[in-house]
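One structure, pasted below without further comment.
Nothing in this text is a laboratory measurement; each read-out follows from the coordinates by a stated rule. Since we're looking at a predicted model, the values are computed, not measured. Virtual Cβ from ideal backbone geometry, glycine too; neighbours counted across all protein chains shown.
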Amino acid sequence: MTKTIIKLTVRDVRFPTSLEQHGSDAMHTDPDYSVAYVVIETDQGMQGYGLTFTVGRGTEIVVCAVEALSALVVGKSLEEIVSDFRGFYRLLTSDGQMRWIGPEKGVIQLATAAVLNAVWDLWARSEGKPLWKLLVEMDPRKLISCIDFRYITDALTEEEALDLLLKAQTGKQQRVDQMLKEGYPAYTTSCAWLGYSDQLLKQLCTDALNDGWTKFKVKVGADLKDDIRRCSLIRQMIGAHNTLMIDANQRWDVGEAITWVTRLAEYKPLWIEEPTSPDDILGHAAISKALAPLGIGVATGEQCHNRVMFKQFLQASALQFVQIDSCRLGSVNENLAVLLMAHKFKVPVCPHAGGVGLCELVQHLILFDYISVSAKYNNDPIIISFGYSCEMLESSVQTHQYPQGQVWKKLQ
C-alpha cells in the first residue's frame, strides 16, 4: 500500500547537562545536550523518526533549516523515495537555492541528516525490521543505489563498492548470529568528561570497571599538567591491560598537538581524537606521521564531515581510525559511503557516539559494517527494535522541549 508523507514536524529538545558538566571537553565547556527531533507522518498512520545532535544554543537554527527542507518531503510517497533514494538525497542536498548555505556541511547537513534519517526509520518500520537488518538483507545493488558517489569516484567507484559488498557475502549469516548473541564491543567516555572532579572520575571509573568496560576515553586539551595528572590517574585505575584513548575536541594547532600528545605518550593511548581543526586534512596527516613512532593513531570523523572530506583524509593517510557519527557526519546514506571507502583504504571504523540518541543510532551502522562490509570485529548484548532507534519518549520530549518544557521553565 502506498504511504504518502503528509506531515513533517520538528522540535527543539534540550537537556541541561551543563549544570553538572556532563559532556564537557576542552572546546565545549558547557554543553546542553540537545536534538532537532523530526517526525514524519504518512496517510496510513505510520510515523518515522529522525534526529540530529546539537549542544544547546543553535538548535533553533537547525530547526529552521529542517522546516525549510520540509516542502521537499511532504507529498512524496515512501515508495517513490526508496525507488530512487540517491535522487531524493540529491533533491535535499542540491536544491538550487538551499545548497548555497551548505552544501553538505554545517547546519544544512545537520538538518538534512535529521530528515533523511526519519525516512530511513520509516522505511525500516514499514518492513518490520531494525535498520541494521534492512541494510544487511538489502540486495547489494539496491544498497549501492542509495549512495551518492558524486565527488568520490576518484577514491571509490560504484563498481568497486559493489564488489566489496559482494565479497563480504561469505560468512555473513555467521556474523549475524554472532552479533545477535554477543553484541559489538564499545568504549566509554562517561567517566572522564573534562569538567568532572577527581572524586567523581574515580567513582565512575570504578563503576565502569565493575560493569565490565575495558576501553576508556579521556577528554584532554585544556591544561597539560592537568591532563598528565588525569591520564595517570585513569591509567592506574584501569591497569595496563585495558585500552585508553584521548580526545582533544579540536583544541590544538598542529605543532601543539604533536608536542602535547608526545608528553602523554607514556600512558599508552591508542589514539588521539580530533587533535586539530576538523577541516585540516594536511594537519591531521602531519600529526599522524609524527605520532606513528610512538604507536599513537589519529582518529576523527564526528564534526560535520562529509564523504568528500573523508575521501581526502583517507587518500592523505591522515587517519588510523575512522569514526562514524550517526547524524553529525550525516545521514545513513552518507555513512554508507564512508564505511565503504574506509574498507577500501583498510582503515578500521570505530563508532562514535555520545549525546542524545547517538549511541542508539550508531549501533545500527557498526553492525552493518561488521556484517556486510568489513567483517572485522574491532560486551554486552544489545537490544534493537524496529526502525533506526530514533524515537524518543514523548514525555521526555515535552518535558525538555525548549523553551516551553517544564525543565526549562524552572531554569528561567
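Rounded to whole Å, give me the distance from the Cα center of region 60-95 to that of region 100-178.
Spelled out, the Cα-based centre of one part sits 16 Å from the other.
At a 10 Å Cβ-Cβ cut-off, how would you order 190, 374, fewest neighbours first? Please list the in-between numbers first.
Values: 190 17, 374 21.
The order, fewest Cβ neighbours first, is 190, 374.
For q = 0.08, 0.11, 0.14, 0.17 Å⁻¹, what log10 I(q)/I(0) does region 167-374 give under the Debye formula with an equal point scatterer on each alpha carbon and no solvent?
Reported log10 I(q)/I(0), two decimals: -0.27, -0.52, -0.86, -1.23.
Rounded, prolate or oblate: which fits region 137-207 when a ≥ b ≥ c are the square roots of the eigenvalues of the alpha-carbon gyration tensor, with rounded for a/c under 1.5 and prolate only if a/b beats b/c?
oblate
Using all alpha carbons of the chain, what is the percent of pairwise distances in each 10 Å bin, ordered from the shortest bin to the longest?
Histogramming the chain at 10 Å steps yields 5, 22, 33, 27, 12, 2, 0 percent.
Determine the percent antiparallel among the DSSP beta bridges restricted to the chain, to the nearest 5. The partial results should precede the final answer.
Details: 19 of 38 bridges.
The antiparallel fraction comes to roughly 50 percent.
List the lysines whose alpha-carbon lies under 16 Å from that of residue 3, not counting same-chain residues fewer than 8 positions away?
76
Using just the helices of the chain, give the 222 nm mean residue ellipticity in deg cm²/dmol: DSSP H runs with n ≥ 4 each add -39,500 (n - 2.57), and the total is spread over all residues, rounded to 500. Working shown, then result.
Working: 17 runs with 176 residues, N = 412.
Mean residue ellipticity at 222 nm (helix-derived): -12500 deg cm²/dmol.
Given 133/219; 142/344; 105/409, which pairs have Cα atoms separated by over 28 Å?
Details: 133/219 34 Å; 142/344 20 Å; 105/409 33 Å.
Where the Cα-Cα span goes over 28 Å, the pairs concerned are 133/219; 105/409.
Which whole-number percent of Cα pairs in region 1-107 have a distance greater than 17 Å? Show your work: numbers first, answer last.
On the way: 3463 of 5671 pairs.
That fraction is 61 percent.
Whole-Hz Karplus ³J(HN,Hα) for region 130-137, in order, using 6.51 cos²θ - 1.76 cosθ + 1.60 and θ = phi - 60°, x for Gly and Pro?
So the J values, rounded to whole Hz, are x, 4, 4, 6, 4, 5, 5, 8.
What aspartates and glutamates sit close enough to residue 181 to cross-link, taking a C-alpha to C-alpha distance under 19 Å and skipping anything fewer than 8 places away on the same chain?
Cross-link targets: 137, 211, 360, 369, 380.
On a C-alpha basis, how far is the centre of region 312-352 from the centre of region 4-29 in Å? Whole number, if you could?
24
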